[in-house]
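Please read the structure below before turning to the comments.
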C-alpha cells in the first residue's frame, strides 16, 4: 500500500490522503485512511467474494484520482476531486432524476411512505456514484459500508461520502465508457442472470 500524508490534528481528528492498493482486476483500487483503518473495516457485504476486496494484486499501476479523508467525531469523511464538468449518476435507490449532479442523498433503508421525486432514501442502500468525466471516460466509486451514508454531490466535481468509520472506498476506472465500469463492478458484486 502506498503511504499517506496523514495529519493528526488532535487525538480525535485526523486527515490526509488515502492509502491504496490495486484489487480485483486492472483499474480497480481500494482506498483506506490508514493501515489501522484497513484492518478495522468490517467484511464487505457489497462484494460477492469479500476476500476479493481484501486481497491486493501485484501491480505497479497507480490510480488517476486519489481521495482525501478526514476522521472526526467517529465519522469518516471522504472526498474525491474530479475534473470540472464531471456529471454524477447512481447514489442508490432514491427518488428523482437519473443525473445526481448537485444532489445530496442518504443511503439508509427506510419505508418510503409518501414516495416522490424528493424521497432521499428507499428500501435499499447502495453508496455508489458513477462519474462521467468531461472527456467521456467514466469512473465508479463505492463506499463499502453498511452504515447510514451521506453522498454529497453538491460541490462541483466533488464526491463526498460521510459515514461512521472505518470503511474502504473502491474505485473502478476510469474506463472508456459506463458499460466498462459496470462490467468491472459486476465482477465485484455479481450480476443477475
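No value in this document is a laboratory result; all are computed from the given coordinates. Note that the structure is a prediction, hence the values are computed from the model and not measured. Heads up, the Cβs are rebuilt from the backbone with ideal geometry, glycines too, and the neighbour counts pull from every protein chain shown.
Can you classify the stretch 7-189 as rounded, prolate or oblate using the Cα gyration tensor, where a ≥ b ≥ c are the square roots of its eigenvalues, rounded means a/c under 1.5, and otherwise it's prolate if a/b beats b/c and oblate if not? Show your work: numbers first, answer last.
Working: a/c = 1.39, a/b = 1.14, b/c = 1.22.
Rounded shape, in that the Cα axes give a/c under 1.5.
Provide 30, 100, 148 in ascending order of the number of other Cβ atoms located within 10 Å of each residue's Cβ, fewest first. It would help to have the intermediate numbers written out before the result.
Details: 30 28, 100 22, 148 16.
Least to most surrounded, the residues fall as 148, 100, 30.
So, in nm, how far is label residue 58 from label residue 155 when the simple model puts each one 7 Å beyond its Cα toward the Cβ?
Calculated label separation equals 4.0 nm.
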